Amino acid sequence: GDPHHLFGWPTVDFQEADLTIVEGEIDALTLAGMGYGNVVSVPMGAGGHKWVENDWDALEGFQVIQIALDSDEPGQKAAKELA
């Protein structure tokens, strides 16, 4: 019953201008482990975008939002929809 949200919000520094959205939690954790900051993941992969409405206010605070989803067909379709 909980609303969908991007995975990783607790790690985000809202004072930074950029945010990167990736497709999977493992992707977000991997990039964070490599030293990239402000990386979040869409919930439930490339399938649904119910989270957009729930996280819209938080997203508006960023100047640049990078969408880095998988290069397969579902990932590219989702990237276009999100853009």
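Working only within region 1-45, note down all residues that are small (Gly, Ala, Ser), open to solvent by 40 Å² or more (accessible area, probe 1.4 Å) and in contact (Cβ under 8 Å) with a residue 12 or more places away in the chain.
32, 37
Within the group 48, 75, which residue is open to solvent by less than 70 Å² (accessible area, probe 1.4 Å) and part of a loop (DSSP other than H, G, I, E, B)?
One residue alone meets the criteria, 48.
Looking at 70, 57, 27, which is the one that is charged (D, E, K, R) and either touching a Cys at 6+ places or on another chain (Cβ under 8 Å) or part of a loop (DSSP other than H, G, I, E, B) (or both)?
70
Considering only residues that are more than 15 Å from residue 27 (Cβ to Cβ) and among the β-branched types (Val, Ile, Thr), which ones fall in region 62-83?
Result: 64, 65.
Can you say whether residue 38 is touching a Pro at 6+ places or on another chain (Cβ under 7 Å) and not hydrophobic (A, V, I, L, M, F, W, C), as far as the supplied structure shows?
For residue 38, the condition - touching a Pro at 6+ places or on another chain (Cβ under 7 Å) and not hydrophobic (A, V, I, L, M, F, W, C) - is not met.
The values are calculated or read from the model by the stated rules, or taken from the named source; none is laboratory data. Only a predicted model underlies this, so the values are computations on that prediction, with no experimental measurement involved. For neighbour counting, all protein chains shown are included, and Cβ atoms are generated from backbone atoms with ideal geometry for every residue, glycine included. Ligands, DNA and RNA are stripped out before the accessible areas are found, and what is left, the full protein with its side chains, is counted by its heavy atoms. Shrake-Rupley method; radii C 1.70, N 1.55, O 1.52, S 1.80 Å.
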